[in-house]
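> Okay, handing you the structure first.
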Amino acid sequence: MRLGVLDVGSNTVHLLVVDAHRGAAPVPARSEKSVLRLAERINKSGELTRAGADELVKTVADARVSAEKLGCDDFMAFATSALREADNAAKVLQRVTDETGVELEVLSGEDEARYTFLAARRWYGWSAGRLLVLDIGGGSLEIAAGVDETPDFATSLPFGAGRITRTRFSGDPPTRGEVIDATDWLAEQLAPVAKKLAKLGEPDRVVATSKTFRSLARLTGAAPSSAGPRARRVLTETGLRQLLAFISRMSASDLADLEGVSASRAHQLVAGALVAQATMRAISQPEVEICPWALREGVILRRLDQTDHEDHTVVDSQ
């Protein structure tokens with residue numbers, strides 16, 4: 001079965017085409033990305049701008065054409081925090097459907113956390129024990145923990161790297177005062193969540209997903225992407241602290257020149273590092289392991305779980 005999955009995020013729209021069937025690991029066949037930065041196209045009235053909606057419609061239409069050309073048996077599309085929070089989301093979604101034929105599903109923050117957790121559980125298996133999974137997106141931070149495939153705890157917090165950049169920083173690079181204030185504010189905001197997690201018990205394995213965590217790990221010495229997805233990669237709080245002292249004084253254009261940092265996300269790298277550091281400190285974890293699977297893989301796996309192996313039809317779970 002060839003499946004096309006379109007992820008409409010706060011920064012990028014990502015089409016991932018995989019060959020997969022139930023019970024097997026999805027094998028990537030093609031990946032296409034478009035940088036739209038939808039979260040930055042929300043106007044003061046809380047609505048996605050006309051220009052932003054126009055580009056979204058065109059990008060979704062192009063992705064569907066690509067999926068068809070690549071011979072996808074199924075195509076699914078979902079959106080995360082940027083559209084979830086836009087006041088005119090319903091209107092934009094209807095326009096996408098009318099003009100492209102694609103029904104774009106807006107995931108709740110908790111669903112994002114659950115699907116990401118599922119991906120990490122499948123990647124590491126049952127031997128990982130109690131998992132704690134962290135994911136930093138452009139608009140939100142997802143945290144999930146548990147011993148099964150469905151987490152016992154799942155939450156989404158408005159602490160995405162792009163959001164922190166827009167709301168806590170005034171310049172490029174941010175001032176030292178802004179970095180200190182953001183650090184203190186994040187610690188205060190994360191304290192209640194850390195208390196809830198502590199009641200669940202100590203995790204056996206703490207893992208992190210997302211481009212932000214991968215970039216931070218690479219900058220602190222983790223293996224490059226060329227080493228393959230099975231290379232063990234970790235991000236330590238010590239390494240992160242040292243990295244922050246360095247990158248917090250750099251402009252986005254200079255950060256984009258660093259290995260492992262994409263130009264489209266360089267402007268929010270410092271904020272992402274602050275969120276990562278604050279989260280690791282809040283949960284008292286000196287290091288996290290980088291999981292190559294994340295939200296997209298979780299959505300794919302859930303879809304495959306609901307699909308009949310022979311004819312690819314969705315099985316009624318009722």
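> Would you work out if segment 94-250 is rounded, prolate or oblate? Take a ≥ b ≥ c from the square roots of the eigenvalues of the alpha-carbon gyration tensor; rounded if a/c is under 1.5, else prolate when a/b is larger than b/c, oblate otherwise. Walk me through the intermediate numbers first.
Values: a/c = 1.38, a/b = 1.12, b/c = 1.24.
The shape class here is rounded.
> When ligands, DNA and RNA are left out and all protein chains stay put, how many square angstrom of accessible area per residue does segment 171-275 have with a 1.4 Å probe? Don't jump to the answer; show the numbers that get you there.
Working: 5260 Å² over 105 residues.
With all protein chains present, segment 171-275 gives 50 Å² per residue.
> A further question follows. Return the loop-located trypsin sites (Lys or Arg not before Pro) in segment 227-310 (DSSP other than H, G, I, E, B) with at most 11 other Cβ atoms within 10 Å of their own Cβ; answer none if there are none. Kindly include the intermediate steps, with their values, before the conclusion.
Numbers: sites: Arg230, Arg232, Arg233, Arg241, Arg249, Arg265, Arg281, Arg296, Arg302, Arg303; in loops: Arg230, Arg232, Arg233, Arg249, Arg265.
The qualifying sites are Arg230, Arg232.
> Quick one: compute the contact order of segment 127-276, relative version, from alpha carbon pairs under 8 angstrom and 6+ residues apart, as a percent. Intermediate results must be reported in sequence, preceding the final value.
Working: 209 pairs, mean separation 43.0, N = 150.
Reported as a whole number, the value is 29 percent.
> Shifting gears a bit: When Rg is the radius of gyration of the Cα atoms in the chain and Rh is its Kirkwood radius, what does Rg/Rh come to? Spell out each step's value before the answer.
Working: Rg = 19.1 Å, Rh = 20.1 Å.
My calculation puts Rg/Rh at 0.95.
> Classify segment 72-180 as rounded, prolate or oblate from the Cα gyration tensor: take a ≥ b ≥ c as the square roots of its eigenvalues, call it rounded if a/c is under 1.5, otherwise prolate when a/b beats b/c and oblate if not.
Here segment 72-180 falls in the oblate category.
> Would you work out which of Phe78, Leu15, Asn88 lies farthest towards the positive end of the dipole of segment 1-115, given +1 charges on the beta-carbon of Lys and Arg and -1 on that of Asp and Glu, about the Cα centre?
Selected residue: Leu15.
> On the accessible surface of segment 161-242, probed at 1.4 Å, how many percent belong to carbon and sulfur atoms?
Numbers: 2170 of 4470 Å².
C and S fraction of accessible area: 49 percent.
> A further question on this structure: In a shell of Cβ-Cβ distance under 13 Å around Ser264, excluding Ser264 itself, what net charge do Lys and Arg (+1) and Asp and Glu (-1) give? Mind dumping the intermediate values first?
Details: positive: Lys33, Arg37, Lys211, Arg265; negative: Glu40.
That works out to +3.
> Here's something else I'd like to know. If each DSSP helix of 4+ residues adds -39,500 (n - 2.57) and the sum is divided by the residues in the chain, what number results at 222 nm, nearest 500 deg cm²/dmol? List each step's numbers first, then the result.
Details: 11 runs with 133 residues, N = 318.
That calculation yields -13000 deg cm²/dmol at 222 nm.
> Let me ask something else about it. Using a 1.4 angstrom probe on heavy atoms only, work out the carbon and sulfur share of the accessible area of segment 1-131 in %.
Details: 2700 of 5990 Å².
In segment 1-131, the share of accessible area belonging to carbon and sulfur is 45 percent.
> Counting alpha carbon pairs within less than 8 Å and at least 6 residues apart, what relative contact order, in whole percent, applies to segment 32-191? Intermediate values should be presented prior to the final figure.
Details: 201 pairs, mean separation 25.6, N = 160.
Once divided by the residue count of segment 32-191, the mean separation gives 16 percent.
> Could you please state, rounded to a whole Å, how far the C-alpha centre of segment 133-166 is from the C-alpha centre of segment 26-65?
21 Å
> Which percent, nearest 5, of DSSP beta bridges in the chain are antiparallel? Walk me through the intermediate numbers first.
Working: 31 of 47 bridges.
The antiparallel fraction comes to roughly 65 percent.
> Moving on to the next point. Give the Cα extents of segment 163-318 along the principal axes, in whole Å, largest first.
Largest to smallest, the principal-axis extents are 58, 39, 29 Å.
> Tell me, what is the percent relative contact order of the chain, built from C-alpha pairs under 8 Å that lie six or more residues apart?
Normalised by residue count, the contact order of the chain is 18 percent.
> In addition: If Rh is defined by the Kirkwood formula over all Cα pairs and Rg also comes from Cα, what ratio Rg/Rh do you get for segment 1-87?
On the way: Rg = 14.2 Å, Rh = 13.6 Å.
Ratio value, two decimals: 1.05.
> Principal axis extents for segment 131-175, Cα atoms only, whole Å, descending order, please.
43, 13, 12
The values are calculated or read from the model by the stated rules, or taken from the named source; none is laboratory data. Every value quoted in this text rests on a predicted model; they were computed, and no experiment measured them. All Cβ positions, even for glycine, are placed from backbone atoms using ideal geometry, and neighbour counts span all protein chains on display. For the accessible areas, the whole protein counts, side chains as well, though only heavy atoms, and no ligand, DNA or RNA atoms are used. Shrake-Rupley method; radii C 1.70, N 1.55, O 1.52, S 1.80 Å.
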